[in-house]
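Novice: Got a structure for you, questions after.
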C-alpha cells in the first residue's frame, strides 16, 4: 500500500509528467533482517522491486550509491508504488555529488506492500558507471494491549446431606377466642387538595454560536542535504522537501548527528531561500561536518 502520511524526498530533482513502468519481471531486492542491497551497471533502464515483510507496516528507506565513470556524467532514479504511481521521479545525482559522498534517497512512512526502483542515465550515456541501492525497513511499534485481569470465582459449597432433618414441633394448644371489638365511628371525608398555580413559562435557550475550525499545527520535518557549497565565507546546504510542503522563513533548522535525532552542537542553521522542492540553509559548520552529518531537522515556530 502506498504511504499515506508522508514521503520525504532525500535527493534533488523534480517530478516528471510521464513515468515509465517496469517490465514483467523486475529483479527483486531481498530483505534480510529488514536490510537489502543490490548493485549493477547503469544502463538505459534498470528496474528493481522491493517487498516489505508480509502483514507489517513501517518506514522504508531507499538510498542510491553511485560510482561515476568520470566528470560530466549524471545518474537518476525513480520510486513507484505497487500501482506504478510515482512517489518521487527524476532524482538526479551529478558526478560532483558522488565525490562529496552525498547519497540521495527517499523515506516512505507507513509503507506496506511492493515498491519499484528505476535507475537510469538521464543523458543516455553509453557508460554510466556502477550503482548500489540500499534498502532498510523499520517496523512501526505495535500498540500496547492491556492484559485481562483474572477475576477469582467463589465456588458454592454443596449442601451437607449428612445432617438429618429437624423433627417437626408438636402443634401448640389453641388460643381462646378474642373478645369482640367495640364499633368505631366512620372517618370524615378528606379535604379537597388545593389547586396548584400554573408554572411560569421557561424562556427559550440562546443558540450556541458555531466553533470556528482551527488549522492543524505543522509538525517538524526531518530531511537530508542534497548539495553543500561554500559561498564566500559561508557554508550553504540545500535540503529537499516534499512538493507542497508549507515552510516559512520563521522555521528553525538544525543539523542532526549521524543517523540519530540528536542535534549537533553548533548545528543551528538559518533559512535563506524556500522553493517548491528544496530549501537553502546557511550554517556555521564546515563542509566536511555537513557531509558527515547530512540529516537536517526543520522545526515550525
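Novice: What's the whole-number percent of alpha carbon pairs in the range 7-139 lying beyond 22 angstrom?
Specialist: In whole percent, the share of Cα-Cα pairs in the range 7-139 beyond 22 Å is 30.
Novice: I'd like the FRET efficiency for residue 39 and residue 287, computed as 1/(1 + (r/R0)^6) with the beta carbon distance as r and R0 of 25 Å, rounded to 0.05.
Specialist: 0.35
Novice: Highest first, please rank the peptides 222-231, 111-120, 185-194 by the mean number of other Cβ atoms sitting within 10 Å of their residues.
Specialist: Result, highest mean first: 111-120, 222-231, 185-194.
Novice: Let me ask something else about it. Determine the relative contact order of the range 7-139: mean sequence separation of Cα pairs under 8 Å and six or more apart, normalised by residue count, in whole percent.
Specialist: 42
Novice: On the principal axes of its Cα set, how long, how wide and how thick is the range 225-301? Give whole Å, largest value first.
Specialist: 30, 29, 20
Novice: Shifting gears a bit: Counting alpha carbon pairs within less than 8 Å and at least 6 residues apart, what relative contact order, in whole percent, applies to the range 221-299?
Specialist: 40 percent.
Novice: Okay, moving on. If r is the Cβ-Cβ distance from residue 234 to residue 138 and R0 is 35 Å, what FRET efficiency results, to the nearest 0.05?
Specialist: The pair residue 234/residue 138 has a calculated efficiency of 0.50.
Read the figures in this text as sums done on the coordinates, not as results from a lab. As the structure is a prediction and not an experimental result, all values here were calculated from the model. Cβ atoms come from the backbone with ideal geometry, glycine included; neighbour counts cover every protein chain shown.
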